[in-house]
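Just below is one structure, and these are the notes that go with it.
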């Protein structure tokens, strides 16, 4: 089956390109992928091996109310697979090779296989066709697009998610992190690197906004659920959120409350600050208000949080009592909250986590 599309022609130093709107279901009929591989000592194709997890993630994303792929799929057409017609129309007569965008197309294909074509009958892709490109041109374009990308800081990603006026896992955690940083009296007051970098006037910013949000999110949702959770909450279907006992703060999604999460975080870390005042205020010397300390605490406090929630007591005084016991445990083991005893990264985080779990076992 051949397909016909109106196009807009544009020129760049490499050559002429043709931009068209292509229905997703039609694109699935004529795309092909040539993975780069060796035959003897000769290499052919341009595409990397695709990520199954990324394809699944995109497939799941297509089922949400906010799904959007506004950037172009780049497809190369050989001499025998197209025909330019009058009135700026291109006819696709054969297979088109994806130069960039394979995960988006494969994600759509995965979703169609799982859920059927119904959701994609009015789903269009912006597609740029490059005609009769050489292997060198295709390889260069692919390498340039994918090799020069700069990863967006996680802090900025979460901050942008927080623009939404609808409560969902991302907006809740972003608003809490923002309040923690800008609320006078907060233990994190002016301590967070908002958008992932220090403010011009910042002096004590020792922890990124992204890290704070990330480890709150991990207690509410997970990779498998996050897109589904966000979509259900935006649709007002909180009752359809799956239960998961491993997610200790998931209750704050079922009955969303930014204020309750904020109060909880303030109680936990105000107690931390008040037990270890010097260590908290001197990140150059101690790990407590840096990522090692924050992540170690967030990883280690789940069991105590569960006990506290079940007891109906998540007060400052309860957390103060808990961290006072942690402090005594550190003293017994002659440990100081420095990088010498708690190295940066997973080792130090795990060591602090285990101490919190050991103290919890005494409750």
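A few points about this structure:
- Enumeration of residues in the range 52-73 that are within 17 Å of the chain's Cα centre (by Cα) and not in a loop (DSSP other than H, G, I, E, B): 52, 53, 54, 55, 56, 57, 58, 59, 60, 61
- Among the candidates 308, 315, 291, residue that is touching a residue at least 24 places away in the same chain (Cβ under 8 Å) and surrounded by 15 or more Cβ atoms within 10 Å (Cβ to Cβ): 291
Yes or no, residue by residue, for (1) in the same structural domain as residue 209 (by TED's automatic domain parsing); (2) out of contact with any helix residue (DSSP H, G or I) (no Cβ under 8 Å at 6 or more places or on another chain):
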residue	(1), (2)
240	yes, no
287	no, no
291	no, no
302	no, yes
313	no, yes
320	no, no
327	no, no
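- Any chance residue 339 is touching a strand residue (DSSP E or B) at 6+ places or on another chain (Cβ under 7 Å), outside any helix (DSSP H, G or I) and either outside the structural domain of residue 218 (by TED's automatic domain parsing) or surrounded by 15 or more Cβ atoms within 10 Å (Cβ to Cβ) (or both): no
- Pick from the range 201-222, criterion free of Cβ contacts under 8 Å to residues at least 60 places away in the same chain and within 22 Å of residue 299 (Cα to Cα), ranking: farthest from the chain's Cα centre (by Cα): 205
- Taken over the range 93-137, the criterion of being surrounded by fewer than 15 Cβ atoms within 10 Å (Cβ to Cβ) and part of a helix (DSSP H, G or I) is satisfied by 113, 114, 115, 118, 135, 136.
- Flag if residue 284 is free of Cβ contacts under 8 Å to residues at least 40 places away in the same chain and part of a loop (DSSP other than H, G, I, E, B): yes
- Filter result for residue 155 (in contact with a strand residue (DSSP E or B) (Cβ under 6 Å, 6 or more places away or on another chain), assigned by TED's automatic domain parsing to the domain that holds residue 241, at pLDDT 60 or above and assigned to a helix (DSSP H, G or I)): yes
The values are calculated or read from the model by the stated rules, or taken from the named source; none is laboratory data. Keep in mind that what you see is a predicted model, and the values were worked out from it rather than measured. We place every Cβ from the backbone using ideal geometry, glycine too, and count neighbours over all the protein chains shown.
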